Structures are given as C-alpha cells and as structure tokens.
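First the structure, in the form of structure tokens, and then the observations on it.
The numbers here are math on the coordinates, done by the rules we state, and not lab data. Just so you know, these numbers come straight off a predicted model, no measurement behind them. Virtual Cβ from ideal backbone geometry, glycine too; neighbours counted across all protein chains shown.
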Amino acid sequence: MFKALDAAVVGRNPSWQVMAQVSLGEFLTASDKSAFLAINSKRVDFALMNEQCQVVHALEYQGTGHYRGQSAAARDAVKKEALRKAGIGYHEIVAGHTTPSELRALVGKLVPAARDEQAA
C-alpha cells in the first residue's frame, strides 16, 4: 500500500511526502498532559505532508481484521476527533474495496498538482 500511495502522491506533487506509522504526538499538540498522552499513544497509518512539512491529511488502512476487537473503534474515534480538531483530514482506505484507480482519485482530491503542472 505504501508504494502505491507514495507513487501517487509524489507523482501528483513531488514536494509532498508520505510518512508511515506516525504518532499523532509528532504533529498534534494538546493543552494538558493527559490529553497529549491520549493522542501520543495513537498512530496513523499514513500521513500526507505538504511542502512545508505540515501534516494535512491522515489515511488509515482498514485491513480485514481491523474491527475484530471493540478497541479498534474506540482508538479510531480518538484519532478522528483529534485530527478534526486540528483541521487535518481523515480518510479510510478499505482492504479489498479500494482499487488502485480509486486510490489515485483520492490522492487527486487531497494533493494539489505541482505548480509547474498547473501552469501548463
């Protein structure tokens, strides 16, 4: 998944980057220690960073066993709310349901085209 996502993002805009398994505490802050500890222990599968190295979108890969335990839904709810409050987009990629063309279309919506391509 990483290779396909990275190729789509960099192909659309080489100044953007894809990071994998990033702790929310690396790019989010919280007003108090307990709130920070709650988000710092969570990770996103993929973080899309713009040319200023700011995380703009988080993508979660939902594999076939993702929701087997109830804790996955609770973890996702914490992630979604923290990202929403920070103004960072949250998007899911579902195993067996997201085709390569759908992944490229999602990247096309999320990542602006490189400036030299826009001028052409």
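Numbers below:
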read-out: Check: the chain dipole with +1 on Lys, Arg Cβ and -1 on Asp, Glu Cβ, in debye; value: 280 debye
read-out: Whichever lysines have a C-alpha closer than 19 Å to that of LYS3, once near sequence neighbours (fewer than 8 apart) are set aside; value: LYS109
read-out: Relative contact order (%) - criterion: Cα under 8 Å, at least six apart; region: the chain; value: 28 percent
read-out: Three principal axis lengths of the chain [C-alpha, angstrom, descending]; value: 49, 34, 19
read-out: Projected-area average for region 28-97 over all orientations - Cα convex hull basis, square nanometres; value: 5.3 nm²
